[in-house]
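Structure record follows, encoded as structure tokens.
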Amino acid sequence: MKINVMQDVLQANDRIAEENRQLFEEKHNLVLNLMSSPGAGKTSLLERTAERVAGKLRLGVIVGDIETTRDADRIGKFNIPAIQLTTGTACHLDANMVASALPHLKLDNIDILVVENVGNLVCPAEFIVGEDYKIMILSVTEGDEKPLKYPLMFRESALMLINKIDLLQYTNFSLKEARANALKINPDIDIIEISCTNGAGLDEWVSWLTAKHRDKTGGAGHA
Amino acid sequence: MHEMGIAQNILDIALSAAGKEGASKITRINLVAGELRGIVPLQLTFCFGLVSKDTIAGGAYLNIDEVPVSGHCDGCNSDFSIKEYEYVCPKCGSTKIQLIGGTELSIKDIEIE
Ligand SMILES: Nc1nc2c(ncn2[C@@H]2O[C@H](COP(=O)(O)OP(=O)(O)OP(=O)(O)O)[C@@H](O)[C@H]2O)c(=O)[nH]1
Ligand SMILES: [Mg+2]
Ligand SMILES: [Zn+2]
């Protein structure tokens with residue numbers, strides 16, 4: 001006997017994500033799901049961002065890592081609440097893992113909550129966690145054809161940061177190709193070229209962040 | 001390997017649907033997977049075999065229908081398939097395109113005994 005089911009496979013995740021989203025709404029948190037390959041510069045971006053928004057916007061971070069608490073320690077140095085979720089063998093954070101971190105954060109005291117996902121270009125894009133935007137980092141050491149190989153993440157992201165542009169001269173990475181490939185997959189994606197090492201492009205990134213926070217909260221900054 | 005998590009979700013949904021019908025066995029699950037979801041059928045089948053082993057879905061055939069990416073043009077109101085991630089309307093050249101297929105991941109139906 002055949003029975004009709006017609007159910008989204010990830011509906012259990014999506015339901016929890018929606019609960020998270022409602023809580024973030026209540027607390028006026030802008031929430032970003034930050035994704036990239038391992039080592040593209042997610043934690044570095046958070047460190048550089050913390051320096052630049054100090055006294056203007058209050059950050060909070062949830063970071064998923066397979067084994068260690070190193071990333072949370074790095075971010076914690078900037079006096080930013082950072083919760084580490086050790087994911088074990090999981091290759092992504094899902095809505096339930098993020099929900100489990102929320103009681104440990106004072107969301108009332110956070111303007112922008114960044115979820116640093118596990119380094120991986122495939123799996124994290126599948127699971128929403130309650131974010132306002134997915135954003136991603138592509139570093140120039142990875143190759144400019146990545147958008148065509150991993151289309152879902154590029155399709156779902158509102159912003160692509162091209163990081164490590166200080167290393168461009170040592171690679172065959174073409175900024176033009178990378179932009180064209182990403183825009184092919186997602187014509188609406190914003191693109192900012194940055195270097196977390198020499199600071200290039202970071203002002204533009206902070207402007208993007210500030211604008212999104214203003215959009216969400218109507219400009220109600222704190223601090 | 002997000003296939004493991006997805007396999008577990010498939011199993012949960014199938015078991016709950018079968019449970020409502022008082023089924024003693026699930027023989028087949030028909031899954032619809034959009035091309036953009038990047039599901040690797042072999043991996044998913046393998047993971048599903050592992051998680052379903054000791055349930056009434058053990059040995060069930062997981063049928064995966066892959067759905068190609070398709071779009072709808074807001075400009076000229078036409079539908080078309082999208083090849084090689086070319087998000088451009090083949091009729092009028094517009095890039096204002098809504099995806100209408102290729103991102104789904106759902107269980108269509110199951111077969112039970
Ligand atoms: N040259 C250069 N190196 C960078 C830049 N940004 C980050 N790095 C280096 O790249 C390495 C990885 O950076 P992380 O910030 O730890 O990357 P991540 O994405 O958080 O890594 P995982 O959490 O392990 O996935 C570190 O050695 C950084 O110093 C950059 O703009 N230029
Ligand atoms: Mg990191
Ligand atoms: Zn058209």
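The values are calculated or read from the model by the stated rules, or taken from the named source; none is laboratory data. As the structure is a prediction and not an experimental result, all values here were calculated from the model. Cβ atoms come from the backbone with ideal geometry, glycine included; neighbour counts cover every protein chain shown. Only protein heavy atoms, including side chains, enter the accessible area calculation; ligands, DNA and RNA are left aside. Shrake-Rupley method; radii C 1.70, N 1.55, O 1.52, S 1.80 Å.
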Query raised in the report: Could you sort B:K25, B:K20 by accessible area so the largest value comes first, with the probe set to 1.4 Å?
Result: B:K20, B:K25
Report summary line: Relative contact order in percent for the range B:33-111 (Cα pairs under 8 Å, 6+ apart) equals 36
Query raised in the report: Among B:I26, B:I64, B:I97, which one shows the biggest mean-square fluctuation in a GNM of chain B, springs joining Cα atoms closer than 10 Å?
Result: B:I97
Query raised in the report: What whole-number value in Å² describes the accessible area per residue of chain B for a 1.4 Å probe?
Result: 49
Query raised in the report: Once a ≥ b ≥ c are taken as the square roots of the eigenvalues of the Cα gyration tensor of the range A:81-134, is the result rounded (a/c under 1.5), prolate (a/b larger than b/c) or oblate (a/b not larger than b/c)?
Result: prolate
Query - Free-standing Cys, chain A [no other Cys Cβ under 4.7 Å] - result: A:C196
Query raised in the report: Given H placed on each backbone N at 1.01 Å, which residues far from A:L85 in sequence or on other chains put an amide H within less than 5 Å of it?
Result: A:V63, A:G64, A:D65
Report task. Kindly identify chain B as rounded, prolate or oblate by the Cα gyration tensor criterion: order the square roots of the eigenvalues as a ≥ b ≥ c, call it rounded if a/c is under 1.5, otherwise compare a/b with b/c, prolate if a/b is larger, else oblate. Result -> prolate
Requested in this report: Could you calculate the contour length gain from B:Q98 to B:T55, that is, 0.36 nm times the residue separation minus the distance between their Cα atoms, to one decimal place in nm?
Outcome: 11.5 nm
Requested in this report: Would you work out the relative contact order for the range A:1-157, in percent, from Cα pairs under 8 angstrom that are 6 or more residues apart?
Outcome: 36
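Which sequence of B:V88, A:V31 reflects their accessible areas, 1.4 Å probe, from the largest down?
B:V88, A:V31
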Query raised in the report: For chain A, what is the calculated [θ] at 222 nm in deg cm²/dmol (nearest 500), taking -39500 (n - 2.57) for each run of four or more DSSP H residues and dividing by its residue count?
Result: -10500 deg cm²/dmol
Query raised in the report: Roughly what % of DSSP beta bridges within the protein assembly as shown run antiparallel, to the nearest 5?
Result: 35
**Report entry** Set of lysines with alpha-carbon distance to A:K42 below 29 Å, sequence-local pairs under 8 removed
**Finding:** A:K27, A:K56, A:K77, A:K106, A:K134, A:K146, A:K149, A:K164, A:K176, A:K184, A:K212, A:K216
**Report entry** In sequence order, calculated HN-Hα J values of the range A:94-111 (Karplus, 6.51, -1.76, 1.60; Hz; x Gly/Pro)
**Finding:** 10, 4, 5, 5, 5, 4, 5, 8, 4, x, 8, 10, 8, 4, 4, 9, 10, 8
Query raised in the report: Around A:L107, with a cut-off of 13 angstrom between Cβ atoms, what is the net charge of the other residues, counting Lys and Arg +1 and Asp and Glu -1?
Result: 0
Report task. Determine how many Å³ per residue the convex hull of the Cα atoms of chain A encloses. Result -> 142
Report summary line: With all protein chains present, the protein assembly as shown has a carbon and sulfur share of its accessible area (1.4 Å probe) in percent of 49
Query raised in the report: Longest segment of chain A with no trypsin sites (Lys or Arg not before Pro) in a DSSP loop having at most 13 other Cβ atoms within 10 Å?
Result: A:107-223
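Interface size between chain B and chain A, please: total buried accessible area, 1.4 Å probe, rounded to the nearest 100 Å².
When B and A are taken together, about 2500 Å² of accessible area is lost.
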Query raised in the report: Can you list the residues of the range B:90-113 whose accessible area drops by at least 20 Å² going from the chain on its own to the full set of protein chains, with a 1.4 Å probe?
Result: B:T95, B:L99, B:L105, B:S106, B:I107, B:K108, B:D109, B:I110, B:E111, B:I112
**Report entry** Delta accessible area of at least 40 Å² on complex formation, residues of the range A:1-29, 1.4 Å probe, chain isolated as reference
**Finding:** A:M1, A:K2, A:I3, A:V5, A:M6, A:Q7, A:V9, A:L10
Query - Rounded accessible area per residue of chain A, 1.4 Å, Å² - result: 43
